[in-house]
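Worksheet: one structure, shown below.
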Amino acid sequence: MIRIFEPHSHMFSRVTDDYENMAAAGVRVVLEPAFWLGQPRTHVGTFIDYFDTIIGWERHRAEQFGIHHVCTMGLNPREANDDRVNDAVMEVLPRYLEKNSVVGVGEIGLDDMTTAEEKFFAAQIQLAIEHNLPILIHTPHRDKKRGFERCVDIVRDSGIAPSRVLIDHGNEETIKITRETGYLQGFSIYPHTKMSPERMVKIILEFGVADIVINSACDWGVSDPLSVPKTVALLQQAGISDADIDTLVWKNPVKFFGRDGRGSEEEWMAKPTLDWTDTFDGNSVLRGQVSDTMDKNPEAR
Amino acid sequence: MTPSPSLTFALASSLFEAQLPADRQPTWADFRAKAVDGGLGWLEVHFAATLRKIGREALTGGLIQNDQAAIIAESFRLCDLAAPLLFDAAGIANDGDAIFRLYERGDHEERRMILKALTLLPVMPVSIRLLQEAHRTNDGNIFIAAFADTDLPARALDDDDFARGILKAAFTDLSLDRILGASKRATPELSRMLLDFMSEREAAHRPVWAGSIELAAFAPCPGVLAKVTGDLWSGVDARRLAAIRAAKTLNDPRFESEFEARRQIEPHLPIRKALN
């Protein structure tokens, strides 16, 4: 089975069936980028609790299904525009950037392309440099091409090494802008928007797998946490070799995120210990089905 | 602000220096120097990195104890031992508010390191507060970090809190051997609680914590002798072994004939040896 590092999935919004299905489809690692939560937050405390959850309970939850969970931390561009929270979030970010499951700064970038977004985007790139972390860039959904160009300008001015930049939510148009930048280029595959599995296959056939990652960006909206394995199946049908697919969905993200003792191929290839009786702050994934645990997870004690 | 370190702290310090791999010495020196310079502010951001910079390897050395404290070295990772040394370097080793703040803001690994660090520092109000917190959160790994392989709970907690900790150990099947110094804190009231819990479990046909009678024997309450006698014939090896130990603690001549009878049929060598 093809091994998969899913480099962009908001598992906070997903149910345990998704974890089970993802594990069964070959997903070994999920990366959860900090983002907004569907409606504006009004004070920094809710960010702190969210950040604590994605380094805590969510990580524990993923491990209960045999999947490693890592995350990126950041002030997302949507809420960078909100003066009720932006400065305060920037103040708490440094201490989260040193946590061991935090493998990058993100999602940062541009959404509406406002002055505030640019200011906090640039400031967070500097934080990434200080903490020796890569960045995961969210790009605008509207006026995408110009948004990509602006992101590239801001990144270039920041001084961060191109090899530490992942620019996400790309498409057939934006790859022409980013192809020569040396960035890792991300494509978010959705059922109805951004990028479809079929279009992704055409991009791979044209551009190859170097410096490209694919993700589901699954969240609380209509999205598919199995987008990556489904695209893998189409790539195989299109004649792409398993070695190239492995580069696309495993080696590229592992090399990009697994550095500085914050995860590695060796660590991520070892399955987390499965024990559904294990608790996190007194909470487990069990809902009374101890025998099911044994059936579904023969490795569990 | 630097406290006079406890003897255990000094032992831990030398253990850490001896077991830290040579190639990590420069990293440690840099880390420590930054803690000295940056104090709590630096530690608040960088404490989490101790795990990956200093290392997760378990120490060796078995039981380390003196007249102040006891720990089992194997339960400590290099990063756990580095934690109290970093607190000392940052000048917060006796600053309960600072330690609590680090704990509150820490992830699970940081919390585990802090709880281990407390076992190597003099008992402070924050030691008790965080032991209570570790108990309250009902998180297996956190509870073990706080209550196992150290005598801190036995040294620091009052009778009520200690009894609650023992009952949680019984509930989560943490071996009594790992709660160092427990026998010195046995009370008839704790024994009563343990025997009641045993009876409850037996009535429900659920497993019984083997440590119950072993600990109760140190401060017997009504019913202990009968429970020990019964468990000498238990079908569960751990309970039989615990009963033998309890009988030896109780040192009651009535057990001599029971031991003799048991020797004739005991199938397991370690338990047979314990009967001698």
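For the range A:160-203, report the % of Cα-Cα distances exceeding 18 Å.
Values: 254 of 946 pairs.
Value for the range A:160-203 (Cα pairs over 18 Å): 27 percent.
Using +1 at the Cβ of each Lys and Arg and -1 at the Cβ of each Asp and Glu in the range A:54-182, identify which of A:Gln64, A:Leu136, A:Ile125 lies farthest towards the dipole's positive end.
It is A:Gln64, whose Cα lies furthest towards the positive end.
Give the share of C-alpha pairs in each 5 angstrom bin for the range A:135-278, from 0 to the last occupied bin, in whole percents, shortest bins first.
2, 9, 18, 20, 20, 16, 10, 4, 2, 1, 0
Does chain A come out rounded, prolate or oblate, given a ≥ b ≥ c as the square roots of the eigenvalues of its C-alpha gyration tensor, rounded meaning a/c under 1.5 and, failing that, prolate meaning a/b above b/c?
Note, shape of chain A comes out oblate.
If Rh is defined by the Kirkwood formula over all Cα pairs and Rg also comes from Cα, what ratio Rg/Rh do you get for the range B:120-276?
Using only Cα positions, Rg/Rh for the range B:120-276 is 1.00.
Compactness ratio of the range A:96-184: Cα Rg over 2.2 N^0.38 Å, N = residue count?
Ratio of Rg to 2.2 N^0.38 Å for the range A:96-184: 1.02.
Just want the answer: with Cβ charges of +1 for Lys and Arg and -1 for Asp and Glu, which residue in B:Thr229, B:Phe197, B:Leu180 is farthest toward the dipole's positive end in the range B:177-231?
Positive-end residue among those listed: B:Leu180.
Taking the Cβ of each residue in B:Glu104, B:Glu44 as the centre, tally the other Cβ atoms inside 10 Å and list the residues starting with the fewest.
Numbers: B:Glu104 11, B:Glu44 19.
Ascending number of Cβ neighbours within 10 Å: B:Glu104, B:Glu44.
Loop-only chymotrypsin sites (Phe, Trp or Tyr not before Pro) in the range A:131-230, please: DSSP not H, G, I, E or B, and at most 15 other Cβ atoms within 10 Å.
Hits after loop and neighbour filter: A:Trp220.
For the range A:117-184, with only Lys/Arg (+1) and Asp/Glu (-1) charged at the beta-carbon, what is the dipole magnitude about the Cα centre, in debye rounded to 20?
About 100 debye.
Quick check: convex hull over the Cα atoms of chain B, volume per residue in Å³, rounded to an integer?
On the way: hull volume 36.9 nm³, N = 276.
About 134 Å³ per residue, rounded to a whole number.
Specify the residue with the greatest mean-square fluctuation among A:Met73, A:Met195, A:Met269, computed from a Gaussian network of chain A linking alpha-carbon atoms under 10 Å apart.
A:Met269
If neighbour count is taken as other Cβ atoms inside 10 Å, put A:Arg84, B:Arg164, B:Arg77 in order from fewest to most.
By the 10 Å Cβ count, ascending, the order reads A:Arg84, B:Arg164, B:Arg77.
Just to check, using Stokes-Einstein with a Kirkwood Rh over alpha carbon pairs, what's the diffusion coefficient of the protein assembly as shown at 4 °C and 1.567 mPa s in µm²/s?
The diffusion coefficient I find is 49 µm²/s.
Filter the GluC sites (Glu not before Pro) in the range A:176-267 down to the DSSP loop ones having no more than 14 other Cβ atoms within 10 Å, then list what survives.
A:Glu180
Taking only DSSP H segments of four or more residues, each worth -39500 (n - 2.57), what value at 222 nm results for chain A once the sum is divided by all its residues, to the nearest 500 deg cm²/dmol?
Details: 14 runs with 125 residues, N = 301.
Calculated from helices alone, the mean residue ellipticity at 222 nm is -11500 deg cm²/dmol.
Using Cβ counts within 10 Å as a stand-in for footprinting exposure, how do B:Glu74, A:Glu98, A:Glu107 rank, fewest first?
Values: B:Glu74 13, A:Glu98 23, A:Glu107 29.
The fewest-first ordering by Cβ neighbours comes to B:Glu74, A:Glu98, A:Glu107.
Where nothing but the Cβ of Lys and Arg (+1) and of Asp and Glu (-1) is charged, how large is the charge dipole of the range B:161-276 around its Cα centre, in debye to the nearest 20? Present the calculation step by step, with values, prior to reporting the outcome.
Numbers: 18 positive and 15 negative charges, 47 e Å.
Charge dipole, the range B:161-276, about its Cα centre: 220 debye, nearest 20.
Looking at the protein assembly as shown, what % of its DSSP beta bridges pair antiparallel, to the nearest 5?
20
Note down the magnitude of the dipole of the range B:1-124 about its Cα centre, charges +1 on Lys and Arg C-beta and -1 on Asp and Glu C-beta and zero elsewhere, to the nearest 20 debye.
The dipole magnitude comes to about 220 debye.
In units of 2.2 N^0.38 Å, what is the alpha-carbon radius of gyration of the range B:102-157?
Working: Rg = 9.9 Å, N = 56, 2.2 N^0.38 = 10.2 Å.
Its radius of gyration relative to the 2.2 N^0.38 Å reference: 0.97.
We did not get these values from a lab; they are worked out from the coordinates using the rules stated. Keep in mind that this is a model prediction, so the values were computed, not measured. All Cβ positions, even for glycine, are placed from backbone atoms using ideal geometry, and neighbour counts span all protein chains on display.
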